[in-house]
Amino acid sequence: MKKHPFIFGFLIMIFLCIFFAICLWVIGYSGQFNTLMPGGEKVVVVKIDGLITDADPVIEKLDKIKNNADVKAVVLRIDSPGGSVAPSQEIYEELIKLREKKTIVASFGSVAASGGYYIASAAHKIIANPGSITGSIGVIIEFANIEELIGKIGLKSVVIKSGRYKDILSPTRELESAERGLIQGVIDSIHSQFIDAVALGRDMEREKIAAIADGRIFSGEQAKEHGLVDELGNLPDAIKIAAEIAGIDGEPKVIYPAKEKPSIFEFFLEGSVKEIQQVIFKNIFKAEYILNSKVTAK
(Lines give C-alpha, C1' and ligand atoms only; values in the text may rest on other atoms or scores of the structure.)
Protein backbone atom coordinates (compact mmCIF):
# COMPACT_ATOMS: atom_id res chain seq x y z
CA MET A 1 0.00 0.00 0.00
CA LYS A 2 2.96 2.31 0.70
CA LYS A 3 4.04 1.79 -2.90
CA HIS A 4 0.57 2.67 -4.13
CA PRO A 5 -0.67 5.60 -2.02
CA PHE A 6 -3.26 6.49 -4.65
CA ILE A 7 -4.94 3.06 -4.38
CA PHE A 8 -4.82 3.21 -0.60
CA GLY A 9 -6.38 6.66 -0.57
CA PHE A 10 -9.01 5.55 -3.05
CA LEU A 11 -10.00 2.60 -0.82
CA ILE A 12 -10.18 4.89 2.22
CA MET A 13 -12.50 7.21 0.29
CA ILE A 14 -14.75 4.30 -0.68
CA PHE A 15 -14.88 3.12 2.93
CA LEU A 16 -15.74 6.63 4.17
CA CYS A 17 -18.46 7.00 1.54
CA ILE A 18 -20.04 3.68 2.54
CA PHE A 19 -19.82 4.58 6.23
CA PHE A 20 -21.37 8.00 5.56
CA ALA A 21 -24.21 6.43 3.53
CA ILE A 22 -24.97 3.95 6.32
CA CYS A 23 -25.04 6.80 8.84
CA LEU A 24 -27.53 8.66 6.65
CA TRP A 25 -29.67 5.53 6.41
CA VAL A 26 -29.70 5.06 10.18
CA ILE A 27 -30.27 8.72 11.05
CA GLY A 28 -32.82 9.26 8.30
CA TYR A 29 -35.08 6.45 9.44
CA SER A 30 -34.38 6.10 13.13
CA GLY A 31 -36.08 9.44 13.63
CA GLN A 32 -39.29 7.86 12.39
CA PHE A 33 -39.28 5.37 15.22
CA ASN A 34 -40.95 6.42 18.43
CA THR A 35 -39.80 4.21 21.26
CA LEU A 36 -41.65 4.03 24.53
CA MET A 37 -39.01 5.77 26.61
CA PRO A 38 -39.80 6.21 30.32
CA GLY A 39 -41.12 9.50 31.66
CA GLY A 40 -44.32 11.42 31.07
CA GLU A 41 -47.90 10.36 30.50
CA LYS A 42 -48.29 9.09 26.97
CA VAL A 43 -50.94 8.37 24.37
CA VAL A 44 -49.89 5.73 21.86
CA VAL A 45 -51.37 5.66 18.36
CA VAL A 46 -51.67 2.14 16.91
CA LYS A 47 -52.48 1.92 13.21
CA ILE A 48 -54.60 -0.80 11.64
CA ASP A 49 -54.41 -0.34 7.87
CA GLY A 50 -55.65 -2.36 4.93
CA LEU A 51 -57.02 -5.87 4.94
CA ILE A 52 -56.86 -7.61 8.30
CA THR A 53 -55.09 -10.90 7.62
CA ASP A 54 -52.56 -11.19 10.44
CA ALA A 55 -53.14 -10.26 14.08
CA ASP A 56 -49.57 -10.81 15.31
CA PRO A 57 -48.07 -7.36 14.49
CA VAL A 58 -50.89 -5.53 16.27
CA ILE A 59 -50.90 -7.90 19.25
CA GLU A 60 -47.13 -7.47 19.65
CA LYS A 61 -47.60 -3.70 19.88
CA LEU A 62 -50.41 -4.09 22.40
CA ASP A 63 -48.26 -6.41 24.53
CA LYS A 64 -45.52 -3.76 24.73
CA ILE A 65 -48.09 -1.16 25.75
CA LYS A 66 -49.87 -3.34 28.31
CA ASN A 67 -47.21 -3.26 31.02
CA ASN A 68 -45.87 0.24 30.35
CA ALA A 69 -47.04 2.43 33.23
CA ASP A 70 -46.30 5.65 31.31
CA VAL A 71 -48.85 4.79 28.61
CA LYS A 72 -52.22 5.97 29.82
CA ALA A 73 -54.22 5.67 26.60
CA VAL A 74 -54.23 3.98 23.21
CA VAL A 75 -55.75 5.44 20.06
CA LEU A 76 -56.54 2.87 17.37
CA ARG A 77 -56.26 4.60 14.01
CA ILE A 78 -58.31 2.29 11.79
CA ASP A 79 -58.41 2.52 8.01
CA SER A 80 -59.56 -0.95 6.98
CA PRO A 81 -62.45 -2.47 5.02
CA GLY A 82 -62.19 -5.62 7.15
CA GLY A 83 -60.60 -8.96 6.43
CA SER A 84 -60.35 -12.43 7.90
CA VAL A 85 -62.53 -13.38 10.85
CA ALA A 86 -59.99 -14.97 13.19
CA PRO A 87 -57.38 -12.15 13.13
CA SER A 88 -60.13 -9.59 13.79
CA GLN A 89 -61.35 -11.65 16.74
CA GLU A 90 -57.82 -12.07 18.12
CA ILE A 91 -57.17 -8.32 18.08
CA TYR A 92 -60.60 -7.65 19.58
CA GLU A 93 -59.95 -10.08 22.46
CA GLU A 94 -56.59 -8.48 23.24
CA LEU A 95 -58.20 -5.04 23.29
CA ILE A 96 -60.93 -6.24 25.66
CA LYS A 97 -58.17 -7.36 28.04
CA LEU A 98 -56.16 -4.18 27.53
CA ARG A 99 -59.03 -1.83 28.25
CA GLU A 100 -59.03 -3.04 31.85
CA LYS A 101 -55.68 -1.26 32.20
CA LYS A 102 -55.64 1.48 29.56
CA THR A 103 -58.06 3.90 27.98
CA ILE A 104 -58.78 2.88 24.38
CA VAL A 105 -60.26 5.21 21.76
CA ALA A 106 -60.85 4.22 18.13
CA SER A 107 -60.38 6.81 15.39
CA PHE A 108 -61.77 6.08 11.90
CA GLY A 109 -60.00 7.17 8.74
CA SER A 110 -61.62 6.68 5.34
CA VAL A 111 -63.13 3.32 6.19
CA ALA A 112 -63.53 1.11 9.26
CA ALA A 113 -66.00 -1.55 8.21
CA SER A 114 -66.66 -5.23 8.87
CA GLY A 115 -63.57 -6.56 10.68
CA GLY A 116 -62.36 -2.98 11.09
CA TYR A 117 -65.50 -2.13 13.05
CA TYR A 118 -65.31 -5.47 14.91
CA ILE A 119 -61.95 -4.34 16.33
CA ALA A 120 -63.14 -0.78 17.01
CA SER A 121 -66.08 -1.98 19.08
CA ALA A 122 -63.63 -3.03 21.81
CA ALA A 123 -62.70 0.63 22.44
CA HIS A 124 -64.14 2.78 25.20
CA LYS A 125 -65.02 5.47 22.66
CA ILE A 126 -65.28 5.55 18.86
CA ILE A 127 -64.55 8.75 16.94
CA ALA A 128 -65.32 8.92 13.22
CA ASN A 129 -65.20 11.54 10.51
CA PRO A 130 -68.68 12.44 9.25
CA GLY A 131 -67.81 10.82 5.92
CA SER A 132 -66.00 7.74 7.23
CA ILE A 133 -67.48 4.50 5.88
CA THR A 134 -68.26 2.03 8.63
CA GLY A 135 -70.70 -0.69 9.67
CA SER A 136 -70.92 -3.70 7.34
CA ILE A 137 -71.61 -5.92 10.34
CA GLY A 138 -71.90 -9.25 8.59
CA VAL A 139 -70.11 -12.28 7.20
CA ILE A 140 -69.67 -13.43 3.61
CA ILE A 141 -68.16 -16.36 1.73
CA GLU A 142 -67.81 -16.13 -2.05
CA PHE A 143 -66.56 -18.55 -4.65
CA ALA A 144 -66.72 -18.82 -8.43
CA ASN A 145 -68.22 -21.74 -10.32
CA ILE A 146 -66.34 -22.47 -13.56
CA GLU A 147 -67.93 -25.83 -14.36
CA GLU A 148 -69.45 -24.65 -17.64
CA LEU A 149 -66.26 -22.87 -18.67
CA ILE A 150 -63.97 -25.89 -18.25
CA GLY A 151 -66.59 -28.02 -20.05
CA LYS A 152 -66.44 -25.73 -23.07
CA ILE A 153 -62.66 -26.02 -23.35
CA GLY A 154 -62.74 -29.79 -22.95
CA LEU A 155 -61.44 -30.15 -19.39
CA LYS A 156 -62.89 -32.40 -16.71
CA SER A 157 -62.32 -32.20 -12.97
CA VAL A 158 -61.46 -35.45 -11.16
CA VAL A 159 -61.75 -35.44 -7.34
CA ILE A 160 -60.84 -38.22 -4.90
CA LYS A 161 -61.94 -37.33 -1.38
CA SER A 162 -62.16 -38.84 2.08
CA GLY A 163 -65.61 -37.56 2.94
CA ARG A 164 -68.76 -36.09 1.46
CA TYR A 165 -67.92 -32.48 2.26
CA LYS A 166 -64.15 -32.51 1.67
CA ASP A 167 -64.44 -30.69 -1.66
CA ILE A 168 -67.11 -28.28 -0.52
CA LEU A 169 -66.96 -24.96 -2.40
CA SER A 170 -65.20 -26.65 -5.31
CA PRO A 171 -65.29 -24.26 -8.30
CA THR A 172 -65.75 -27.17 -10.72
CA ARG A 173 -69.25 -28.25 -9.66
CA GLU A 174 -72.54 -26.89 -8.36
CA LEU A 175 -73.05 -26.47 -4.63
CA GLU A 176 -75.46 -29.09 -3.26
CA SER A 177 -78.36 -28.03 -1.04
CA ALA A 178 -76.94 -29.88 1.98
CA GLU A 179 -73.59 -28.16 1.45
CA ARG A 180 -75.30 -24.79 1.19
CA GLY A 181 -77.03 -25.45 4.52
CA LEU A 182 -73.71 -26.40 6.11
CA ILE A 183 -72.01 -23.22 4.89
CA GLN A 184 -74.99 -21.11 5.95
CA GLY A 185 -74.72 -22.59 9.44
CA VAL A 186 -71.06 -21.52 9.67
CA ILE A 187 -71.94 -18.03 8.41
CA ASP A 188 -74.78 -17.69 10.92
CA SER A 189 -72.55 -18.80 13.79
CA ILE A 190 -69.81 -16.28 12.95
CA HIS A 191 -72.42 -13.57 12.37
CA SER A 192 -73.88 -14.23 15.82
CA GLN A 193 -70.37 -13.97 17.32
CA PHE A 194 -69.91 -10.62 15.55
CA ILE A 195 -73.17 -9.25 16.97
CA ASP A 196 -72.29 -10.48 20.47
CA ALA A 197 -68.85 -8.85 20.28
CA VAL A 198 -70.23 -5.47 19.20
CA ALA A 199 -73.00 -5.59 21.82
CA LEU A 200 -70.45 -6.35 24.55
CA GLY A 201 -67.89 -3.81 23.41
CA ARG A 202 -70.42 -1.03 22.85
CA ASP A 203 -72.50 -1.95 25.92
CA MET A 204 -75.64 -1.98 23.78
CA GLU A 205 -78.64 -4.27 23.63
CA ARG A 206 -78.03 -7.21 21.33
CA GLU A 207 -81.37 -6.73 19.59
CA LYS A 208 -80.45 -3.18 18.66
CA ILE A 209 -77.21 -4.34 17.03
CA ALA A 210 -78.89 -7.31 15.32
CA ALA A 211 -81.45 -4.99 13.71
CA ILE A 212 -78.74 -3.24 11.69
CA ALA A 213 -76.28 -6.14 11.39
CA ASP A 214 -77.33 -7.09 7.87
CA GLY A 215 -74.17 -5.99 6.10
CA ARG A 216 -75.28 -2.42 5.43
CA ILE A 217 -72.73 0.37 5.56
CA PHE A 218 -73.07 3.79 7.17
CA SER A 219 -71.37 7.14 7.01
CA GLY A 220 -69.80 8.25 10.27
CA GLU A 221 -72.71 10.62 10.75
CA GLN A 222 -75.29 7.85 10.22
CA ALA A 223 -73.36 5.47 12.47
CA LYS A 224 -73.51 8.03 15.28
CA GLU A 225 -77.31 8.12 14.96
CA HIS A 226 -77.41 4.33 15.38
CA GLY A 227 -75.07 4.35 18.38
CA LEU A 228 -72.17 2.70 16.53
CA VAL A 229 -70.05 5.85 16.88
CA ASP A 230 -69.79 8.15 19.91
CA GLU A 231 -68.51 11.40 18.44
CA LEU A 232 -67.55 12.95 15.12
CA GLY A 233 -63.97 14.15 14.75
CA ASN A 234 -60.52 13.46 13.38
CA LEU A 235 -57.37 11.86 14.80
CA PRO A 236 -56.29 14.89 16.90
CA ASP A 237 -59.79 14.97 18.38
CA ALA A 238 -59.52 11.27 19.26
CA ILE A 239 -56.13 11.84 20.91
CA LYS A 240 -57.52 14.72 22.94
CA ILE A 241 -60.54 12.67 24.05
CA ALA A 242 -58.32 9.71 24.98
CA ALA A 243 -56.11 11.96 27.11
CA GLU A 244 -59.13 13.47 28.86
CA ILE A 245 -60.66 10.07 29.66
CA ALA A 246 -57.29 8.81 30.92
CA GLY A 247 -57.00 11.84 33.21
CA ILE A 248 -53.82 13.22 31.62
CA ASP A 249 -53.16 16.79 32.74
CA GLY A 250 -51.95 19.20 30.08
CA GLU A 251 -50.66 18.23 26.67
CA PRO A 252 -50.01 14.48 26.40
CA LYS A 253 -46.91 13.01 24.81
CA VAL A 254 -48.15 11.29 21.68
CA ILE A 255 -46.27 8.26 20.37
CA TYR A 256 -47.01 7.64 16.70
CA PRO A 257 -46.41 4.29 15.00
CA ALA A 258 -42.98 3.71 13.53
CA LYS A 259 -42.65 3.50 9.79
CA GLU A 260 -41.20 0.30 8.42
CA LYS A 261 -37.45 0.57 8.14
CA PRO A 262 -36.24 -0.30 4.62
CA SER A 263 -33.16 -2.35 3.90
CA ILE A 264 -29.95 -0.58 2.83
CA PHE A 265 -30.57 -1.88 -0.69
CA GLU A 266 -34.07 -0.37 -0.74
CA PHE A 267 -32.68 2.87 0.69
CA PHE A 268 -30.14 3.23 -2.11
CA LEU A 269 -32.59 1.99 -4.74
CA GLU A 270 -35.16 4.59 -3.67
CA GLY A 271 -32.51 7.31 -3.84
CA SER A 272 -31.33 6.14 -7.25
CA VAL A 273 -34.86 6.10 -8.65
CA LYS A 274 -35.43 9.65 -7.42
CA GLU A 275 -32.17 10.79 -9.01
CA ILE A 276 -33.13 9.16 -12.32
CA GLN A 277 -36.58 10.75 -12.21
CA GLN A 278 -35.03 14.18 -11.62
CA VAL A 279 -32.56 13.73 -14.49
CA ILE A 280 -35.31 12.58 -16.87
CA PHE A 281 -37.58 15.44 -15.81
CA LYS A 282 -34.81 18.02 -16.28
CA ASN A 283 -33.89 16.65 -19.69
CA ILE A 284 -37.52 16.55 -20.83
CA PHE A 285 -38.05 20.08 -19.58
CA LYS A 286 -34.85 21.23 -21.27
CA ALA A 287 -35.80 19.54 -24.56
CA GLU A 288 -39.27 21.06 -24.41
CA TYR A 289 -37.77 24.49 -23.72
CA ILE A 290 -35.38 24.20 -26.69
CA LEU A 291 -38.20 23.02 -28.95
CA ASN A 292 -40.45 25.88 -27.86
CA SER A 293 -37.59 28.33 -28.39
CA LYS A 294 -37.08 27.10 -31.93
CA VAL A 295 -40.76 27.32 -32.66
CA THR A 296 -40.86 30.85 -31.26
CA ALA A 297 -37.85 31.83 -33.29
CA LYS A 298 -39.60 30.85 -36.48
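The values are calculated or read from the model by the stated rules, or taken from the named source; none is laboratory data. These numbers come from a predicted model, not from an experiment. A quick note on method: Cβ atoms are made from the backbone with ideal geometry, for glycine too, and the neighbour counts reach across all protein chains shown.
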Q: Mind counting the residues in segment 221-237 that are in contact (Cβ under 8 Å) with a residue 12 or more places away in the chain and over 24 Å from Lys208 (Cβ atoms)?
A: 3
Q.
Residues that are within 24 Å of Asp196 (Cβ to Cβ), free of Cβ contacts under 8 Å to residues at least 60 places away in the same chain and of a type in the set (A, V, I, L, M, F, W, C): does segment 123-137 have at least one?
A. no
Q. Can Leu228 be described as touching a Ser or Thr at 6+ places or on another chain (Cβ under 9 Å), in a loop (DSSP other than H, G, I, E, B), surrounded by 12 or more Cβ atoms within 10 Å (Cβ to Cβ) and at pLDDT 95 or above?
A. yes
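Which one of these is in the same structural domain as Ile255 (by TED's automatic domain parsing) and more than 26 Å from Gly138 (Cβ to Cβ): Glu60, Glu94? Steps first, answer last, please.
Working: Glu94 fails: more than 26 Å from Gly138 (Cβ to Cβ).
Checking each option against the conditions leaves just Glu60.
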Q.
If a residue must be of a type in the set (A, V, I, L, M), part of a strand (DSSP E or B) and touching a Pro at 6+ places or on another chain (Cβ under 9 Å), how many such residues does segment 46-75 contain?
A. 3
Q.
Among the residues of segment 76-91, what is the count of those that are among the hydroxyl-bearing types (Ser, Thr, Tyr) and either part of a loop (DSSP other than H, G, I, E, B) or in contact with a Pro (Cβ under 7 Å, 6 or more places away or on another chain) (or both)?
A. 1
Q.
Regarding segment 131-144, can at least one residue be identified that is crowded, with 18+ Cβ neighbours inside 10 Å and among the aromatic types (Phe, Trp, Tyr)?
A. no
Q: Name, by its number, the condition in (1) more than 19 Å from the chain's Cα centre (by Cα); (2) outside any strand (DSSP E or B) that does not hold for Gly116.
A: (1)
